[in-house]
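A short write-up of the structure that comes next.
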Amino acid sequence: MNEPSTSSAMNKCCFSPLGQLLRTFFVKAADILYWRDPKNSGAVFGVGLVILFSLTVFSVISVVAYTLLFTLLASLTFRVYKNVMQAVNKTDDGHPFKEYLEVDITPNQEKAHEIADQILSHFNCFVNRMRSVLLVEDYVESFKYLFMFWALTFIGAWFNGMTLVILAYIGAFSLPKVYEMNQAQIDHYINMVVSKINEVTEKIPFLKKASAAAEKKDN
């Protein structure tokens, strides 16, 4: 009986489920990134962008401190306002943040262990992938990463880390919506690019031979 190949094991590892908590998070994040509710998406985008730009000017400690300070001041102001209105109107609505204070945020121990196991699984997957790439287990795969690393050297020369984070943040709030609105055209051009890459790969003899050997090994 043949043992599963390293590539097959890594692929299985890389595409394992992220867990119920992460799936729920991604579903809610998708609603924000696709602007299902423009008001909520605009608020999240604006606050996040202000924080990221602040990090380019101030230290992380200063940004965190000011963010918590202004959040607390806003909460205090809102609660004082609600208490004054309750006194004037002679109502007994209670604490304005009662529903949020009653939410149980204590992490479930089993869920925490599950998430930790999955994080470790993905970390092991990443380590195995880098070992395979850096030690050239598969020519095609290693050449793909070679070109990617080479491109990253130019990106690193043009932008610093914080600039890339800001651009990625803006892209996260714009590209998904653009893709949703122009999916057919974008898919068409992506397929054209993939076809061209495959044509180039097939024209290089030893890459073609290595790719065929890898496919045969996986099967």
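The values are calculated or read from the model by the stated rules, or taken from the named source; none is laboratory data. Since this is a predicted model, take the numbers as computed values, not measurements. Cβ placement follows ideal geometry from the backbone for every residue including glycine, while neighbour counts extend to all protein chains displayed.
Some observations on this one:
- Selected residue [touching a Gly at 6+ places or on another chain (Cβ under 9 Å) and over 25 Å from Gly48 (Cα atoms)] from Gln118, Gln183: Gln118
- Qualifying residue in the stretch 134-142 (condition: touching a Leu at 6+ places or on another chain (Cβ under 8 Å) and closer than 29 Å to Phe45 by Cα): no
- Cross-chain or 6+ apart pairs with Cβ under 8 Å, the stretch 80-103 first and at negative phi and of a type in the set (D, E, K, R), then modelled with pLDDT of 85 or more and part of a helix (DSSP H, G or I): Asp92/Gln86; Asp93/Lys82; Asp93/Gln86
- Residue under evaluation Ile166, criteria (1) closer than 30 Å to Val44 by Cβ; (2) surrounded by 14 or more Cβ atoms within 10 Å (Cβ to Cβ); (3) modelled with pLDDT under 85; (4) of a type outside the set (D, E, K, R), criterion not met: (3)
- Residue selected from the stretch 103-122 under the condition among the acidic types (Asp, Glu) and part of a helix (DSSP H, G or I), by the criterion surrounded by the most Cβ atoms within 10 Å (Cβ to Cβ): Glu114
- Cβ-Cβ under 9 Å pairs, at least 6 apart or on other chains, the stretch 58-71 side closer than 20 Å to Gly46 by Cβ, far side hydrophobic (A, V, I, L, M, F, W, C) and part of a loop (DSSP other than H, G, I, E, B): Tyr66/Phe58
- Set Tyr100, Tyr81: member being loosely packed, with under 10 Cβ neighbours inside 10 Å, out of contact with any Gly (no Cβ under 6 Å at 6 or more places or on another chain), part of a helix (DSSP H, G or I) and of a type in the set (Phe, Trp, Tyr): Tyr100
- For the stretch 143-156, the criterion of being touching a Phe, Trp or Tyr at 6+ places or on another chain (Cβ under 6 Å) and surrounded by 10 or more Cβ atoms within 10 Å (Cβ to Cβ) is met by none of the residues.
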